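Working notes, structure below.
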Amino acid sequence: MTQDNRATFGSKIGVILASVGSAVGLGNIWRFPYETGQNGGAAFLLVYCLCVLLLGLPLMLTEFFIGRYSRKNTAGAFQVIAPGTKWNLLGYNGVIAAFLILGFYSVVAGWTLEYIYQSLSGALSGKTAEQFTQDFNLFNSGIFRPILWTFAFIALTHFIITSGVKSGIERSSKIMMPILFLILVILCIRSVTLPDASVGLKFLFHPDFGKITSSVVLSSMGQAFFSLSVGMGCLITYASYFGKNTNLQKTALSVTLLDTLVAILAGVIIFPAVFSFGIKPSAGPELVFITLPNVFQHLPLGGLWSFVFYVLLAIAALTSTISLHEVATAYILEEHHFTRKRAAFIVSAGVMFLGIISSLSFGVLKDFTIFGLTFFNFLDYVTAKIMLPFGGMLTCILVGWRVDRKILKAELTNKGTIPFYFFNIYAFILKYIAPVAIVLIFLNELGLFKWIEK
Ligand code: PHE
């Protein structure tokens, strides 16, 4: 495909919705609450917000720059930005991260389908808290059922990806994202009107600074990158479909704000409910799946609430899996000249393979560990806490140090037609603050500072 007839998104709202669709997903509604619950509540939220503002937002803008300027897939884009150098390896970091994330994300996405099914069949009512836990563990440690749902989810993603950019990604995001917001707001109102909702709100919004440890900081940073879909070229790929007139600054700001809003809304839905019914906030990855059905059944029309909630979760997951899948598909399609269908098939098959192992790591493969982590947890840890921050750091260094400021500014201001008041601050963050902060957070987690203090 030449630069000029490369596919683009058809409308302004489509651009924003597709990017929001990528950002808002299981990361916000499944991962954010359980990480918050395990990392001290409000303290985590505070560090998370700092990471979003100081690292996530500037990086998102940078990825938009790279994507629209190069109009290439992730791997090809770095060749345009730094031709003839090894920087293109950074693109591969993104393509591999896309595979690995899909490898565990699709499993959780599959669970949402099971829970939609259970909501409809009435299986989610009339149980005790222990039964919910037992039944969930029985389900996810099984062999065929979770794998089947993982397969169904990958097939759904595959179908949308093969329909192409405009008709597939854009149209589905346009319909799904507004529904998602509506449902979230309804659930929020339901949750904050529960008895003792204030305890949950306090847990989420009243920070205890003593809880900020090195691993809380690393987790917050990982969560910020994961949730905003930055650090692996996903938004580079999407921005390569942006039109000439897309306002990159406004888009980055809107996506960041909406993504953060959804995460906080998810927290506002989950924590008051968790405390109201005496459930542990630190339940872990199961939080959404074990505690909420329990909560829903104590509400009037519980089956309806749980159905609505899991549909919401599946929709959010789908708009994200589409974006992850597109990173790898666009790479194979453009760099290896495969047809869209074949490229997508290769990605789906690879992801299915990883998905099967991840899914089995809750059951028959639970003793197969890498660095002490199950396969599922390993994929999660390596991508969110290492590959994305690492990729993000190198992206900041590349653009901050190598790209001509005039080119950067021209692209971010649409050739000077829109102002960029904070350009110098942005460039400073890119060049110094972001790389240094990310390195320090890594070193801190590795225990370097404790070691120096000794
Ligand atoms: N941001 C998505 C979510 O929150 C996950 C994702 C990560 C998507 C990285 C694309 C790239 O669920």
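Identify all residues within the range 93-128 that are at pLDDT below 90 and among the aromatic types (F, W, Y); write none if there are none.
Listed by number, the list is empty, since nothing qualifies.
Please go through the range 211-245 and pick out each residue that is polar (S, T, N, Q) and either within 15 Å of Q38 (Cβ to Cβ) or surrounded by fewer than 19 Cβ atoms within 10 Å (Cβ to Cβ) (or both).
T213, S214, S215, S219, S220, Q223, N245
Cβ-Cβ under 8 Å, sequence separation 6+ or interchain: first residue in the range 383-395 and more than 10 Å from M232 (Cβ to Cβ) and in a helix (DSSP H, G or I), partner small (G, A, S) and away from the ligand (no atom under 11 Å from the Cβ). Which pairs?
Listed pairs, sorted by first residue: K385/S219; M393/A434.
Return yes when L194 is surrounded by 16 or more Cβ atoms within 10 Å (Cβ to Cβ), part of a loop (DSSP other than H, G, I, E, B) and hydrophobic (A, V, I, L, M, F, W, C) and no when it is not.
When the stated conditions are applied, L194 passes them.
Does I264 satisfy the criteria of being among the β-branched types (V, I, T), within 16 Å of the ligand (Cβ to nearest atom) and either buried (at least 24 other Cβ atoms within 10 Å of the Cβ) or not in a helix (DSSP H, G or I) (or both)?
No; evaluated as a whole, the condition is false for this residue.
Based on what the data block shows, is L324 touching a Ser or Thr at 6+ places or on another chain (Cβ under 6 Å) and within 16 Å of the ligand (Cβ to nearest atom)?
No.
Are any of the residues in the range 101-122 among the charged types (D, E, K, R) and surrounded by 18 or more Cβ atoms within 10 Å (Cβ to Cβ)?
yes
Could you list, in sequence order, all residues of the range 231-253 that are in a loop (DSSP other than H, G, I, E, B), within 16 Å of the ligand (Cβ to nearest atom) and of a type in the set (F, W, Y)?
Scanning the range 231-253 gives a single hit, Y241.
Please pick out the residue among L124, L102, L89 that is in a helix (DSSP H, G or I) and more than 16 Å from the ligand (Cβ to nearest atom).
The conditions single out L89.
Among A42, A97, which is under 30 Å from G363 (Cβ atoms) and small (G, A, S)?
A97
With the condition kept exactly as written, say whether any residue in the range 346-369 is closer than 20 Å to E286 by Cβ, free of Cβ contacts under 8 Å to residues at least 40 places away in the same chain and surrounded by 21 or more Cβ atoms within 10 Å (Cβ to Cβ).
So far as the range 346-369 goes, yes, one or more of its residues are closer than 20 Å to E286 by Cβ, free of Cβ contacts under 8 Å to residues at least 40 places away in the same chain and surrounded by 21 or more Cβ atoms within 10 Å (Cβ to Cβ).
Output the number of residues of the range 86-117 satisfying the condition of being without any contact (Cβ under 8 Å) to a residue 24 or more places away in the chain and out of contact with any Phe, Trp or Tyr (no Cβ under 6 Å at 6 or more places or on another chain).
4
Name the residues in the range 200-230 that are away from the ligand (no atom under 16 Å from the Cβ) and in contact with a Pro (Cβ under 7 Å, 6 or more places away or on another chain), would you?
Answer for the range 200-230, where residues must be away from the ligand (no atom under 16 Å from the Cβ) and in contact with a Pro (Cβ under 7 Å, 6 or more places away or on another chain): G200, L201, F203.
The values are calculated or read from the model by the stated rules, or taken from the named source; none is laboratory data. Just so you know, these numbers come straight off a predicted model, no measurement behind them. Glycine gets a Cβ as well: all are built from the backbone with ideal geometry, and neighbour counts include every protein chain shown.
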